[in-house]
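Student: So that we are looking at the same thing, I have put the structure below in structure tokens.
Since every read-out is calculated from the coordinates, none of them should be taken as a lab result. Nothing here was measured: the structure is a model prediction, and the numbers come from that model. Every residue, glycine as well, gets a Cβ built from its backbone with ideal geometry; the counts of neighbours run over all protein chains shown.
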Amino acid sequence: MLRSTFFQLVLVTALILALFCPPPASASKTMFMQATLNPTRTTQGVSVVITGRVSDTLGTGVSNAIISIQVTDPQATSIHLAVAYTSQNGTFQDNFVIASNSPGGNYTAFLVADKPGYDTARVTLSFTYASPDFSLQSSITTLSLRQGDSGKLTITALSLRGFNAPVNLTALNMPSGVAVQFSPASITPSGNAEATVAVSQTAPLGNFTITLLGVSGPTIHTVSFQLEITRGPIQGILAILVGTAVAVLVAAVLLQRRKQRSRKRAALDELLKASEADKGYVATARVIARLEELRATNQVDEATYQKLKKEYEKRLEKSK
């Protein structure tokens, strides 16, 4: 009888302990979490909505679970931190915005669900964000202009993924004597601008690569075209006139030299005739004086002067 009473007491004690004592840690229930990302593009960037549900092993929603949310950008920098709570049926929701100037790449959301009496549940979600951008296009790839002429082309800035910021246009790598003007100088994609290319009369001839630059904040794009500069009509006439003038000048110089040689030869012939006509002392002295005059006026070369001077000086000595 006493033994039966003892076993009944032990059984009642065990039942009381089971009812009022918390279960050991190893008896925590398992908790599951499901979640999705839903990005939507807006004028400010991309609006992202995170929705999910927490349930137990039987699929029953777990209410009042704490959902910790962290979102990182492609550089692993946190851009969003939040805490959400599950509803009566275990669902939760959170949202955040990725600004339009945010870097493109993979964004990752880390979700952790906690509730006393349950094991921690974790979910990692990711998606790729392509930031808004623009591209540049040219209506032509080659432009041929003569010196003194001008030409036009159309530059188009195309919007990519909702890009709508102003794009400033400028030109690079222009040779001397070439200018490019845009009308307008700033366009908003998708938009067009007319580029006027002016070539001066003195611009160098040849083929040149002209680069057109579009700048909008940190975003830069380029487009290029080939500029061929040929000789202008005025330059052709000037070249002909210059060539003719040079030819005339050369002919005049040659004619002048020929006349100078003819005069020198005539003066020398006159001197020789005078010396042969009268070989007396006075006549020879006059010939020598005339020879000095011809030398002073550069009408006789040095070699001929020296030769005749020696000859006439000898004749002068003999005629004394």
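Student: HN-Hα J couplings of region 134-147 from phi, Karplus 6.51/-1.76/1.60, θ = phi - 60°, integer Hz, Gly and Pro as x?
Tutor: 9, 10, 10, 9, 10, 6, 9, 10, 9, 10, 10, 9, 8, 4
Student: Considering amide H positions built from the backbone, and no H for Pro or chain starts, which residues 5 or more places from residue 86, or on another chain, come under 5 Å of its amide H?
Tutor: 64, 65, 67
Student: Just order 173-182, 189-198 by mean Cβ neighbour count inside 10 Å, highest at the front, would you?
Tutor: Going by the mean number of other Cβ atoms within 10 Å, highest first, we get 189-198, 173-182.
Student: Give, rounded to the nearest 20 debye, the magnitude of the charge dipole that region 115-210 has about its Cα centre when Lys and Arg contribute +1 at Cβ and Asp and Glu contribute -1 at Cβ.
Tutor: Charge dipole, region 115-210, about its Cα centre: 200 debye, nearest 20.
Student: Moving on. May I ask for the distance between the Cα centers of region 52-77 and region 154-215, given as a whole number of Å?
Tutor: Answer, in whole Å: 51.
Student: So who's got an amide H within less than 5 Å of the one on residue 149, skipping anything under 5 residues away but keeping other chains? H placed 1.01 Å off N, in plane.
Tutor: Those lying under 5 Å, H to H, from residue 149 are 199.
Student: In whole percent, what relative contact order does region 23-129 give with Cα contacts below 8 Å and a gap of six or more residues?
Tutor: 30 percent
Student: Taking θ = phi - 60°, what integer Hz values does the Karplus form 6.51 cos²θ - 1.76 cosθ + 1.60 yield along region 304-309, in sequence order, with x for Gly and Pro?
Tutor: Here the 3J(HN,Hα) series is 5, 4, 5, 5, 5, 4 Hz.
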